Amino acid sequence: MAQILDGKAFAARLRGRVAEAVAELGAAGGPAPGLAVVLVGEDAASQVYVRSKGRATREAGMVSLEHRLAADVPQAELLALVAQLNADPAVHGILVQLPLPAHMDAAAVIAAIDPAKDVDGFHISNVGLLATGGRAMVPCTPLGCLMLLRDRLGDMAGLEAVVLGRSNIVGKPMAQLLLRESCTVTVAHSRTRDLPGVCRRADILVAAVGRPEMVPGDWIKPGATVIDVGINRVPDGAGGSRLVGDVAFASAAEVAGAITPVPGGVGPMTIACLLANTVTAAARAAGLPEPEGLGL
Ligand code: GUN
């Protein structure tokens with residue numbers, strides 16, 4: 001039976017470390033880190049995320065600024081808000097919640113964010129810095145996955161890592177992070193031939209495809225470390241619903257050496273890493289040393 005990687009407990013410790021770093025920054029004459037979250041429209045899941053981000057930000061001793069815009073707001077108005085936040089010295093992190101309404105060009109909006117305040121790590125400057133080994137803002141979900149992997153495995157050099165999924169938010173940055181750890185990295189996706197065979201090679205398997213329980217236990221190498229990024233709501237057979245990952249947990253846990261549960265695995269790490277990135281951005285903005293233990 002696999003070890004269960006408790007992301008909820010790990011994230012709680014990381015949030016504690018963030019709160020310490022916030023206090024240290026203040027003691028060194030630095031600012032209270034400020035995170036601005038921009039929500040456009042009424043998407044139900046996004047509203048839940050934004051609320052919990054605001055709460056976690058305040059609990060860590062940071063300043064949370066929320067901006068809500070109507071679903072039909074012109075893109076120019078969102079860009080003007082981003083410009084205002086870029087110029088505001090009290091704002092150290094800017095997050096524009098995705099997805100944006102269909103009439104907006106998300107790439108153009110992300111490009112307008114000051115890369116130094118891009119706590120999502122989505123700006124092409126940060127994407128490029130990550131790919132070239134520079135001082136990037138690292139996307140929160142892959143950063144959280146990396147922290148769990150380091151905690152479980154320590155040195156990952158030479159391990160076979162398979163990332164299932166090639167999104168800009170998770171799959172691609174995750175592959176870059178594993179490459180930086182000197183893993184041998186394969187990025188697999190919906191068009192990959194012999195997906196089961198590719199997955200069975202993996203010492204580290206990161207599943208980020210958004211397909212409920214797509215990876216069964218017999219795709220997993222015995223002893224592998226499995227990180228399940230999926231959060232899928234499915235019918236529970238009793239008229240309600242439940243959350244499942246991209247990995248079939250019960251069968252996978254019989255084979256894997258370690259596995260993250262859903263919920264309570266990767267999910268809680270994402271917000272904790274957002275806070276960590278915001279403190280890092282605030283320290284850099286103030287010209288102070290970056291707090292230890294919050295990033296790469
Ligand atoms: N929507 C779902 N996940 C994310 C995320 O990590 N960042 C942003 N900005 N929007 C999201």
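The values are calculated or read from the model by the stated rules, or taken from the named source; none is laboratory data. Owing to the predicted nature of the structure, the values given are computational and were not obtained by experimental measurement. Cβ coordinates were reconstructed from backbone atoms using ideal geometry, including for glycine residues, and neighbour counts include every protein chain displayed.
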Problem - Filter result for Val279 (under 30 Å from Ala23 (Cα atoms), at pLDDT 95 or above and buried (at least 19 other Cβ atoms within 10 Å of the Cβ)) - result: yes
Problem - Cβ-Cβ under 7 Å pairs, at least 6 apart or on other chains, segment 67-80 side of a type in the set (A, V, I, L, M), far side outside any helix (DSSP H, G or I) and at pLDDT below 95 - result: Ala71/Glu42
Handout entry: Hits in segment 239-286 - residues which are out of contact with any strand residue (DSSP E or B) (no Cβ under 7 Å at 6 or more places or on another chain) and of a type in the set (S, T, N, Q)
Key = Ser251, Thr270, Thr280
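Does at least one position in segment 87-95 carry a residue that is more than 19 Å from the chain's Cα centre (by Cα) and either within 25 Å of Ile231 (Cα to Cα) or small (Gly, Ala, Ser) (or both)? Steps first, answer last, please.
Our first condition is that a residue be more than 19 Å from the chain's Cα centre (by Cα); within segment 87-95, this holds for 87-91.
Next, from what is left, pick out any that are either within 25 Å of Ile231 (Cα to Cα) or small (Gly, Ala, Ser) (or both): 87, 90.
For segment 87-95, residues more than 19 Å from the chain's Cα centre (by Cα) and either within 25 Å of Ile231 (Cα to Cα) or small (Gly, Ala, Ser) (or both): present.
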Practice task
Please indicate, with yes or no, whether at least one residue in segment 129-148 is without any contact (Cβ under 8 Å) to a residue 60 or more places away in the chain, under 29 Å from Met214 (Cβ atoms) and within 13 Å of the ligand (Cβ to nearest atom).
Solution key: yes
Practice task
Give me a count of the residues in segment 279-296 that are of a type in the set (A, V, I, L, M) and within 16 Å of Ala27 (Cα to Cα).
Solution key: 6
Practice task
Filter segment 20-42 for residues that are among the aliphatic types (A, V, I, L, M) and surrounded by fewer than 16 Cβ atoms within 10 Å (Cβ to Cβ) and give the result.
Solution key: Ala23, Ala27, Ala28, Ala32
Practice task
Taking the residues in segment 98-117 that are under 17 Å from the mean Cα position of the chain (by Cα) and within 10 Å of the ligand (Cβ to nearest atom) as candidates, determine which candidate is farthest from Ala83 (Cα to Cα).
Solution key: Pro99
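Hey, any hits in segment 34-49 for a residue that's at negative phi, within 16 Å of the ligand (Cβ to nearest atom), hydroxyl-bearing (Ser, Thr, Tyr) and in a helix (DSSP H, G or I)?
The answer is yes, given that some residue of segment 34-49 is at negative phi, within 16 Å of the ligand (Cβ to nearest atom), hydroxyl-bearing (Ser, Thr, Tyr) and in a helix (DSSP H, G or I).
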Practice task
Scan segment 99-114 residue by residue and report those that are surrounded by fewer than 16 Cβ atoms within 10 Å (Cβ to Cβ), under 16 Å from Asp43 (Cα atoms) and either out of contact with any Ser or Thr (no Cβ under 9 Å at 6 or more places or on another chain) or in contact (Cβ under 8 Å) with a residue 60 or more places away in the chain (or both).
Solution key: Ala102, His103, Ala106
Fill in the blank from the handout: How many residues of segment 233-266 are within 23 Å of the chain's Cα centre (by Cα), without any contact (Cβ under 8 Å) to a residue 60 or more places away in the chain and closer than 20 Å to Pro196 by Cβ? The answer is 5
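For segment 188-210, which residues satisfy the criterion of being free of Cβ contacts under 8 Å to residues at least 40 places away in the same chain, surrounded by 13 or more Cβ atoms within 10 Å (Cβ to Cβ) and of a type in the set (D, E, K, R)?
First, the residues of segment 188-210 that are free of Cβ contacts under 8 Å to residues at least 40 places away in the same chain: 188-200.
Now restrict to residues that are surrounded by 13 or more Cβ atoms within 10 Å (Cβ to Cβ): 188-189, 192, 195, 198-200.
Residue satisfying the conditions is Arg200 alone.
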